[in-house]
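Peer 1: Would you mind keeping the following structure in view while I ask a few things?
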Amino acid sequence: MTTIVGLTGGVASGKTNILNFIKKLKIPTHDSDEVVRTLYNNNTKEFIDYLRLIGLSKAIKNKKINKKRIRKEALNNTRILKKIERFVHKKVKTSRDKFLKKNKQNKKKIVVLDIPLLFENNLQKICDYVFLSYCPIKIRMARALKRKNMNIKTFNKFVKLQEDDQNKKKKADFIINTSISKKFTNKQVQNAIKIIKMKKEKP
């Protein structure tokens, strides 16, 4: 039986580094953010038509999608945000379901699903365990502000869309502290996976 681990965490919490380390351990991973990036980069007719339908025609030029403009519109308009999320989440779910089916058929012992809004969308119910990538909000902000097209106002809007870290801590099975060093973070991940494997091997 395949054990499903959900990986989640707030913006700039170090989740990507955790996922990259898990990949190095040769554990199959599904990256929700990568699915979304592909969706925006491929500029499919289906997505472009949908964006026009919900009033985002100005974010499309020469059949190319201006992700920066869409993000700005979505963060300032809850109705637009929910409509985009509805479309995107459906695509991510289809990709995730295919990933799970394939790895279950291949009898993989453990797989990891990287889902940024795992608790917000009640997706912990499809996981056997949940890893929470965590670090204090001040460190997250400092990390985020180093990113392109990020400022304090945008960061705070992202934070408001996500569940409070204290609530996430109560729901997670393993809390991975990413505020010290990559080496320390990786050790925590290794220990968590070791515990899961031990539990799996028990009769």
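The values are calculated or read from the model by the stated rules, or taken from the named source; none is laboratory data. Every value quoted in this text rests on a predicted model; they were computed, and no experiment measured them. FYI the Cβ positions are ideal-geometry reconstructions off the backbone, even for glycines, and counts take in every protein chain you see. Ligands, DNA and RNA are stripped out before the accessible areas are found, and what is left, the full protein with its side chains, is counted by its heavy atoms. Shrake-Rupley method; radii C 1.70, N 1.55, O 1.52, S 1.80 Å.
Peer 1: With the requirement that a residue be assigned to a helix (DSSP H, G or I), loosely packed, with under 15 Cβ neighbours inside 10 Å and touching a residue at least 24 places away in the same chain (Cβ under 8 Å), what does the stretch 42-66 give you?
Peer 2: none
Peer 1: Here's another thing I want to ask about it. Being surrounded by 12 or more Cβ atoms within 10 Å (Cβ to Cβ) and in contact with a Pro (Cβ under 7 Å, 6 or more places away or on another chain) is the requirement here; does S133 meet it?
Peer 2: no
Peer 1: Would you point out the residue of the stretch 29-41, among those that are β-branched (V, I, T) and more than 20 Å from T78 (Cα to Cα), that is most open to solvent (accessible area, probe 1.4 Å)?
Peer 2: Checking each candidate, the answer is T38.
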